[in-house]
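Shown next, in structure tokens, is the structure this report addresses.
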Amino acid sequence: MQKIIAANWKMYKTRAEARETAAALARHLKEKQPEGRQVIVYPPFTAIAEVAAALEGVTCAAAGGQDVYPAAEGAFTGEISPRMLQDAGASWVLTGHSERRHVLLESDELVGRKTAFALAQGLSVMLCIGETLAERESGQLRAVLQRQLQAGLAEIAPADVARLAVAYEPVWAIGTGKVAGPQEAGEAHAIARELLREIIGAAGESTPLLYGGSVKPGNAAGLLALDNVDGLLVGGASLDADSFAQIIFA
Ligand code: PEP
């Protein structure tokens, strides 16, 4: 099965910096076409068009937005619509990233509305889920993933499931240098797969399930070899094209 390797650039890079990194990444991908890899880059909104242009002609690569608002247009200051993302060149969007849940205090319910609306508008959606350290240590891993998946997928139309991916990102492993070990990641992915089957039925068997949290060139291959790990969502190590390319080719 194809693996999805995604880059989340968070609030880093001006347009010129994004153009340079995306062009370097495009060179890597053209030079050594990765087999069985789909690459997605999520730059800040201001740089989506630059990244989409730099990746044009690289068939395995696409650009995406880091967030979206669940309305076609309107009085929602500071927000961005699916159509605006598509107009900038995005075909993917992240929903429910842990920094949006925990820093911007987005609710499970809002994440669910974003996921359903973005899918309905034709975007592919990568819904992010994951527990905090306190939740894991108090035995709530399954309950948290269940709550986030149930709310996150509550309103999606069956016809849109084919454009859905889920990223499991333990909050304690994001940007901390702590990566979930094979046992921790394997256990969480097995739970997430089971929940996906329960919530969306047989289609949940083939929904790509990515791991994210301090992925680096040195640990990518081991993570990709785990059962139910269909790809990686990479933050810090994706900011440099060479380091991200090493993860893609891991
Ligand atoms: C992320 O931003 O989704 C992420 C996993 O970040 P990092 O790789 O830096 O932990």
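The values are calculated or read from the model by the stated rules, or taken from the named source; none is laboratory data. Predicted model only: the values in this text are computed from it and were never measured. Neighbour counts run over all protein chains shown; Cβ positions are idealised from the backbone, glycine included. All accessible areas refer to the heavy atoms of the entire protein, side chains included, with ligands and DNA or RNA removed. Shrake-Rupley method; radii C 1.70, N 1.55, O 1.52, S 1.80 Å.
Under 9 Å between Cβ atoms, at least 6 apart or on separate chains: pull out the pairs that start in region 99-113 with a residue that is surrounded by 12 or more Cβ atoms within 10 Å (Cβ to Cβ) and end on any residue that is of a type in the set (Asp, Glu) and in a helix (DSSP H, G or I).
101/108
Select from region 125-144 the residues that are of a type outside the set (D, E, K, R) and within 16 Å of the ligand (Cβ to nearest atom) and write down the one among them that is farthest from the chain's Cα centre (by Cα).
Per the stated criteria, the residue is 133.
Only residues that are assigned to a helix (DSSP H, G or I) and within 16 Å of the ligand (Cβ to nearest atom): list them for region 201-220, please.
217, 218, 219, 220
Residue 192 passes all but one of (1) within 12 Å of the ligand (Cβ to nearest atom); (2) open to solvent by less than 10 Å² (accessible area, probe 1.4 Å); which number fails?
Of the numbered conditions (1) within 12 Å of the ligand (Cβ to nearest atom); (2) open to solvent by less than 10 Å² (accessible area, probe 1.4 Å), the odd one out for residue 192 is (1).
Which condition number in (1) open to solvent by less than 10 Å² (accessible area, probe 1.4 Å); (2) more than 16 Å from the ligand (Cβ to nearest atom) is the one that residue 117 fails?
(1)
Might you let me know whether region 226-234 holds any residue that is within 15 Å of residue 180 (Cβ to Cβ), out of contact with any Phe, Trp or Tyr (no Cβ under 8 Å at 6 or more places or on another chain) and surrounded by 17 or more Cβ atoms within 10 Å (Cβ to Cβ)?
Yes, the conditions are met somewhere in region 226-234.
Of the residues 144, 166, which is touching a helix residue (DSSP H, G or I) at 6+ places or on another chain (Cβ under 9 Å) and either over 20 Å from residue 1 (Cβ atoms) or in contact (Cβ under 8 Å) with a residue 60 or more places away in the chain (or both)?
Every option except 144 fails the conditions.
Do we have any residue at all in region 164-181 that's more than 16 Å from the ligand (Cβ to nearest atom) and surrounded by fewer than 21 Cβ atoms within 10 Å (Cβ to Cβ)?
Scanning region 164-181, I find no residue that is more than 16 Å from the ligand (Cβ to nearest atom) and surrounded by fewer than 21 Cβ atoms within 10 Å (Cβ to Cβ), so the answer is no.
Out of 198, 184, I need the residue that is over 21 Å from residue 42 (Cβ atoms), of a type in the set (D, E, K, R) and within 16 Å of the ligand (Cβ to nearest atom). Which one?
184
I'm checking my understanding of the structure. Among residues of region 147-159 that are touching a residue at least 40 places away in the same chain (Cβ under 8 Å) and either of a type in the set (Lys, Arg) or open to solvent by less than 20 Å² (accessible area, probe 1.4 Å) (or both), which one is farthest from the ligand (Cβ to nearest atom)?
My answer is 153.
What about residue 75, is it in contact (Cβ under 8 Å) with a residue 12 or more places away in the chain and open to solvent by 20 Å² or more (accessible area, probe 1.4 Å)?
no
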